[in-house]
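The values are calculated or read from the model by the stated rules, or taken from the named source; none is laboratory data. These numbers come from a predicted model, not from an experiment. Quick reminder, even Gly has a Cβ in these numbers, built from the backbone with ideal geometry, and neighbours come from all protein chains shown.
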Amino acid sequence: MSDFHIRASTPDDAVGIAAVHWTTRRAVYGELLPPEHWETETLGTRTEGWMRVLAAGNKALVAEVGEKIVGFAMKNPSGPHLGHPPARAIELHELYVDPDFHGTNVGHALLENALPPGTPAQLWTFASSPRARKFLQRAGFLPDGVTATDPDTNVLEVRLVR
């Protein structure tokens with residue numbers, strides 16, 4: 001197991017967070033999302049997006065091995081999602097771990113630091129993401145029966161709550 005530590009993000013982390021975000025999405029969702037999606041979602045667009053998010057004062061938690069960011073998590077107040085009102089006040093908005101660090105406890109540690117066990121929260125994930133759903137179920141997140149199809153990707157999402 002790799003030694004890692006978790007800390008709050010700073011605006012200087014945008015490049016590292018974007019690299020994990022884009023690399024993980026390509027590895028996990030590459031075949032699931034339509035090819036045209038990857039024409040617009042590039043490492044450059046992810047980096048620009050994270051620069052804006054972090055410059056605006058938003059915070060994420062990052063997991064580092066040495067000085068390399070290998071995962072991140074972000075929670076936010078919940079809001080409507082594709083026409084559905086929130087079920088919980090807090091939403092786990094992002095949780096991504098570099099595929100090379102899957103199975104090393106990085107994701108579990110990020111989740112527990114962002115949302116301590118038992119904290120009521122919600123999140124949305126792709127219905128066809130069994131690895132993510134199994135991981136989240138072990139943390140107490142279960143489907144509440146609400147689904148939505150993302151209009152940009154045409155992929156079915158399910159809401160999980162605890």
From (1) at pLDDT 95 or above; (2) over 24 Å from S9 (Cβ atoms), pick out the condition that doesn't hold for T119.
(2)
Would you be able to say whether some residue in the range 45-55 is more than 24 Å from L160 (Cβ to Cβ), in contact with a Gly (Cβ under 8 Å, 6 or more places away or on another chain), in a helix (DSSP H, G or I) and among the hydrophobic types (A, V, I, L, M, F, W, C)?
no
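Quick grid of which residues meet (1) farther than 26 Å from L32 by Cβ; (2) under 13 Å from the mean Cα position of the chain (by Cα); (3) loosely packed, with under 15 Cβ neighbours inside 10 Å:
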site	(1), (2), (3)
G66	yes, no, yes
N76	no, yes, yes
P86	no, no, no
G107	no, yes, no
T125	no, yes, no
F135	no, yes, no
The range 58-144: strands (runs of 3 or more DSSP E) wholly inside it with 1 or more residues that are touching a helix residue (DSSP H, G or I) at 6+ places or on another chain (Cβ under 6 Å) and within 26 Å of L156 (Cβ to Cβ) are 68-77, 90-97, 122-126
Hey, any hits in the range 24-37 for a residue that's in a helix (DSSP H, G or I), touching a residue at least 24 places away in the same chain (Cβ under 8 Å) and touching a Gly at 6+ places or on another chain (Cβ under 9 Å)?
yes
Among the residues in the range 24-36, are any of a type in the set (S, T, N, Q), surrounded by 18 or more Cβ atoms within 10 Å (Cβ to Cβ) and at pLDDT 95 or above?
no
Reported set for the range 17-33 where residues are among the aliphatic types (A, V, I, L, M) and under 16 Å from W50 (Cβ atoms) is I17, A18, A19, V20
